[in-house]
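The values are calculated or read from the model by the stated rules, or taken from the named source; none is laboratory data. Given the structure is predicted, the values throughout are model-derived calculations rather than measurements. Quick reminder, even Gly has a Cβ in these numbers, built from the backbone with ideal geometry, and neighbours come from all protein chains shown. Side chains included, ligands, DNA and RNA excluded: accessible areas come from the protein's heavy atoms. Shrake-Rupley method; radii C 1.70, N 1.55, O 1.52, S 1.80 Å.
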Amino acid sequence: MKRLGVNIDHVATLRNARGEYHPDPYYAAKFLKKIGVDSITIHLREDRRHIKDLDAKKICSIKGLLVNLEISTRNEIVKNALKIKPNYICIVPENRKEITTEGGLDLKKNKKKIKKIVELFKDKRIRTSLFINPSLKDIKIANEIGADCVEIHTGKFANLVKSRKNFQNELKRIKKSSKFGNVIGLEIHAGHGLNYEATKILSRVDEIKEFNIGHFIIGESVFFGIRKVIINFKKILS
């Protein structure tokens, strides 16, 4: 069965809207562990718009919980991540003005810097992933950098699925990238914008081992409850 990682950033978004303590992403992480998700993803953004440093520390301290910490390449954030010591790191691009992550890393432009960051985390035995567009060129550079995994940005594909437009070309790009990455020794993950339908389609790509899904899960849980939504995704990925 493919793994399901749940991004709980928007639990923190909801909490921060009132500037209070509820709902607590720490409690959300514990609850999701209890109902059987494989890992938790949190993004410690430079502007701390949702997850805060204390959230990250508390969540990473939960025994038996695998935590995937998304970070930018900013020095301050990298230093914080090394102190927090998550199980996994995913390096993502970050633009202060963006509403959400808009695409994959520019690996060609930032290859040297990212390689140094990957080496820092690998020295600490932290599994390190790079968030990339579905591109054979980026898969090759990610391997040269020394990443353990890549997470393929599925935003464009998911938006085409949701809008009932032809998604076959984007699906082909994801399939080709996944197969090539798998052949050269990278573990392949997928994430961004995924709902039930888009996840079901991508679940048929054998090379994708892990799906990281957040916004849709939290939004759908308003209507049906998070336990039911997780069960639905587990069925899709089984």
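Here is how the numbers come out for the structure above:
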item: Value of D in µm² per second that Stokes-Einstein yields for segment 137-236, Kirkwood Rh from Cα pairs, at 37 °C (0.692 mPa s); result: 232
item: Expected-Rg normalisation [2.2 N^0.38 Å, Cα atoms] applied to the chain; result: 0.95
item: Normalised contact order of the chain, rounded percent, pairs of Cα under 8 Å and 6 or more residues apart; result: 19
item: Segment Lys140-Asn166, extension gain: residue separation times 0.36 nm, minus the distance between their alpha carbons; result: 6.6 nm
item: Average Cα contact separation per residue, segment 142-226, under 8 Å, 6 or more apart, as relative contact order %; result: 32
item: The chain: most fluctuating residue of Ile174, Ile35, Ile51 per GNM, C-alpha cutoff 10 Å; result: Ile35
item: Accessible-area composition of the chain, carbon plus sulfur, in percent [1.4 Å probe]; result: 51
item: 5 angstrom amide H check on Asn7, placed H, neighbours 5+ away; result: Thr41, Ile213, Gly214
item: Accessible heavy-atom area order of Glu46, Glu210, highest first, probe of 1.4 Å; result: Glu46, Glu210
item: Among Phe224, Phe167, Phe131, residue whose mean-square fluctuation peaks in a GNM of the chain (springs only between Cα atoms under 10 Å); result: Phe224
item: Charged-residue dipole, Cβ positions (Lys, Arg, Asp, Glu), the chain about Cα centre, Debye nearest 20; result: 240
item: Solvent-accessible area per residue for the chain (1.4 angstrom probe, square angstrom); result: 51
item: For segment 62-71, Karplus couplings with θ = phi - 60° (6.51, -1.76, 1.60), whole Hz, Gly/Pro x; result: 5, 5, x, 9, 8, 10, 9, 9, 8, 9
item: Calculated on alpha-carbon atoms, Rg and Dmax of segment 1-57 in Å; result: 11.6, 39
